[in-house]
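In what follows, a structure is listed as structure tokens, so that the remarks can point back to it.
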Amino acid sequence: MTDRRITVKADKAEIEEGASLRHRHVASSGLAERRARPQSPQEAEERYVAARNEWTAAMRKASSGKPADMAALAMAQEAYEAALTERERWASSPRVAIPIEPDRPGGINAVVGQELSWRRVHELEQAAEQPKGLRRLLRRITGR
């Protein structure tokens, strides 16, 4: 038996162009897939425009009829369709207004809360100043 080796020569431009059309990230888990998805409508739009531009460039290049160009077109078509689906998903998702409340309470709740806090501080200060025997007597009288 003889050992045959096949060498493949490719133009540098073809290799670079093919690399730009390949999928950048292959998701292997659900978390990776969610991270690979666009996180905003603007990001979905940007990915769609980039995929559309790659697809049109691949269409022009595929007119040569070379198998490599046809394969690149198929990959670009898949990326374009995925980007289009994501863009449509973001466009059709309902918008929900989430009310944002201030961190601090306002109005009468704030005033009452401050007053109660102030009283607790003064009660602790007064309790620390009184002798122990007197504290026990006051607790028995007041029932605390």
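Kindly write out, for the range 97-103 in residue order, the coupling ³J(HN,Hα) from the Karplus curve 6.51 cos²θ - 1.76 cosθ + 1.60 (θ = phi - 60°), rounded to whole Hz, with x marking Gly and Pro.
Each residue's phi maps through the Karplus curve to give 7, 9, x, 10, 9, x, 5 Hz.
Once you have the Cα-Cα distance between I141 and T56, take 0.36 nm times their residue separation minus that, and quote the gain in nm to one decimal.
21.7 nm
Residue-wise, which Karplus ³J(HN,Hα) couplings in Hz belong to the range 47-56, taking 6.51 cos²θ - 1.76 cosθ + 1.60, θ = phi - 60°, and x for glycine or proline?
5, 5, 5, 5, 5, 5, 5, 5, 5, 5
Would you list T85, T142 from fewest to most Cβ contacts within 10 Å?
T142, T85
Just so you know, all these numbers are worked out from the coordinates, no wet-lab data involved. Treat the numbers as computed from the prediction; the structure is a model and nothing was measured. With ideal geometry, Cβ positions are generated from the backbone for all residues, glycine too; neighbour counts draw on all protein chains shown.
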